[in-house]
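Heads up: the structure comes next, in structure tokens.
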Amino acid sequence: MKVVETYSHLNGLEYLEIHKRRLWDDVCEVMRGVDAKRCMTEPLTPDRSTMKLPYSPNKITHGIQIGFEDRDWSEPHGSPSAPRDGLRSSSPRTSFTKERVGIEIQIGKNSFVALELFARHMAFFVGDVIDVGVEILPMKELQQEMSSGVAYYEGELYNLIREGRGVPAVPLVLIGVAP
């Protein structure tokens, strides 16, 4: 996978590049470390030559999770306004923090993107757990080749910009990835 686009909300990317360069390099290395071809689903028909294989959101998410775990990123701890039970218990764990940087992987979880952007990052920021949040989303080109409908970078970027400069009031970096 590769990072195709980034968007810096309230100077989130600039903060990472200046104050947490090693962590930003981690994020980019994790993306490069995911082999997109290994994240494809099996074809539905035996004629593999004519069928385009869709990408599996779960396989991509798993590859990204492994990359962050290998680099000692961990689950966030201690934000009183962002409980880790209930809502998230039935979905795969995709939250990571390291040195006050929070990561959310939004591959295949359409209904959670607004929650992550406008609530969870804000809760961790206000709860003094993170200084900047990072959202990883598929680009439209990847989303169209996925096995299920998922949110995508361009759509969520539009939603974020539409809310205005100060909403959410937490520095963020949106990352659009593609094979």
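We did not get these values from a lab; they are worked out from the coordinates using the rules stated. Worth saying up front: this structure is predicted, and the values here are computed from it rather than measured. Neighbour counts are summed over all protein chains in view; Cβ atoms, including those assigned to glycine, are modelled from backbone coordinates with ideal geometry.
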Query - Sequence of 165, 71, 120 once ranked by neighbouring C-beta atoms within 10 Å, starting from the fewest - result: 165, 71, 120
Query - Packing-based exposure ordering (other Cβ within 10 Å, fewest first) of 26, 72, 131, 35 - result: 72, 35, 131, 26
Query raised in the report: What lysines could a cross-link reach from residue 59, if we take a straight Cα to Cα line under 19 Å and drop same-chain neighbours fewer than 8 places away?
Result: 2, 37, 109, 140
